[in-house]
Structure formats: structure tokens, C-alpha cells
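Derivation of every value follows stated rules applied to the coordinates shown; laboratory data play no part. Just so it is clear, the model here is predicted, and its values are computed rather than measured. All Cβ positions, even for glycine, are placed from backbone atoms using ideal geometry, and neighbour counts span all protein chains on display.
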């Protein structure tokens, strides 16, 4: 299993489905609110908001929750200011990690993310200390049922995407960051709404980790995922399928 992002990998690691769903809804609501505040409140005119709503619907987030998150963005009673933050560093096994957050308290979030690194065999660095290990990309995710690998590749090429990686669970589609909206619209017309559509970080290369390191690394990623301020985590690890099967058993 290659490390990519929170939504790609969370299914492998965590129990407590109700608690996980509540945390996911919190993260999705924050993304919807920030998308509204930083752009148009009209999804048709705001690609980021449209993608956030699509992700919320894919996660079965109730319509009322989505509407409340959008209303919060335009409410004069809302005094919370969510700031977009990025932290970088190395986790167990010298795996490069980028942590993207939305926070109303920069000092709290920085302290909690630093603590997660320090307590789990990692080291938090400065901004851009590990970003060179990744490429900034536009990213779309489709389930396996959207089509077979050949059909998805053909549709993605016609939509203007650069690459497609397919496996038994689904299809990851990559494009240039500036092309994300156009590719998303073309793919939606051809194959329906994606599970995810966003700017993301794609590793330029991956770091193989052994079983012991994998245990520590996945625990560390769980700690980050559990933080309400953390929206996404990208990491450049590679865990062999047989090791993942043992850890998931």
C-alpha cells in the first residue's frame, strides 16, 4: 500500500466507525465553511465548494449538516476564523509527511502536530523541508464501479488528465493543478461525480518500510487523523501487501 492521503488510507487502519464518522463530518464541514468564505457561496461558481459538497455527500453526510456548514460561512454571528495551515516533517522510517490543517488556533494546532511527531518517532521540520519529495497535483478519486481500468484511462485522457492509477478498490486520476476544475467537469460528465476532487500531494518516490516500522508509522498517522484540525495527511511510504494483511488481521 502506497501512502497518499487520509481519505485513501483511513479504511485500512481504524475501528470505532461512529467516532470516525463524526470526526470526518467535522473535517468536511470545516472544508465547506472555508470554501464558502474564500470563494462564492454558490457551488456552481466555486469549484472548491462544489468538490467539498461532493465529498460530503460521498461520505453520507446529512443534507442538514451541509446546509449548516454553508450558512455558518455567511452568518454574522460566526466569529470563528479558520486558518489554513501546513506542517511538514519526517515520520518513522524517515517517511516524508505533509499535514494540512484548518484551525481556529494556530498555536494549539502547531503544538498538537509537533507532539504527534515527537511522540511517535518523527521530527517536525520547517515549511518546505519535505515538500520537494512531492508533486502538487489535481486529484480525483473514483470507485471501482465507475468503470474498468481501460475505460477510466480513456475518459481521463479525453478529460485532459496526466495519469491514472487503478486497482481493485478504485481509480486515482491526476492532472495539473490548474486543470483540476476542467478535468473534474469532463470526468463528471463522462463518469459521474468523483468520490474526491481536490489539490493534493503526490509522492515523487516512496520509502519501503518493514513490519515494525509500519506499525509505528500507522499509529502515528492515526494520531494525526484523530486531530480535528487535520484535514489531510500525505506521506511517501510503501507497505508491502503481505505486511498490510498481517497488520489488518
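The table below gives the values:
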| read-out | value |
| --- | --- |
| Order by protection proxy (mean Cβ within 10 Å, highest first), peptides 99-106, 242-249, 146-153 | 99-106, 146-153, 242-249 |
| Convex hull of the chain built on C-alpha atoms - directionally averaged projected area, nm² | 13.3 nm² |
| Computed log₁₀ I(q)/I(0) - Debye formula, equal Cα scatterers, no solvent, the stretch 48-167, q 0.09, 0.15, 0.23 Å⁻¹ | -0.42, -1.03, -1.17 |
| Estimated distance in nm for a label pair at residue 167 and residue 151, the labels positioned 7 Å out from Cα along Cα-to-Cβ | 2.2 nm |
| Residue list for the stretch 130-150, given a label point 7 angstrom along the Cα-to-Cβ vector of residue 244 and an amide N cut-off under 18 Å | 140-145, 149 |
| Ellipticity estimate at 222 nm from DSSP helix runs (n ≥ 4, -39,500 (n - 2.57)) divided over the chain, nearest 500 | -14000 deg cm²/dmol |
| Rg over Rh [alpha-carbon atoms, Kirkwood Rh] for the stretch 14-74 | 1.00 |
| Percentage, to the nearest whole number, of Cα pairs in the stretch 134-203 over 15 Å apart | 42 percent |
| Euclidean distance of C-alpha centroids, the stretch 216-249 and the stretch 39-73, integer Å | 27 Å |
| Mean separation of Cα contacts under 8 Å, 6 or more apart, over the residue count of the chain: relative contact order % | 26 percent |
| Residue 158 paired with residue 86, simple spin-label distance in nm, labels 7 Å along Cα-to-beta-carbon | 3.4 nm |
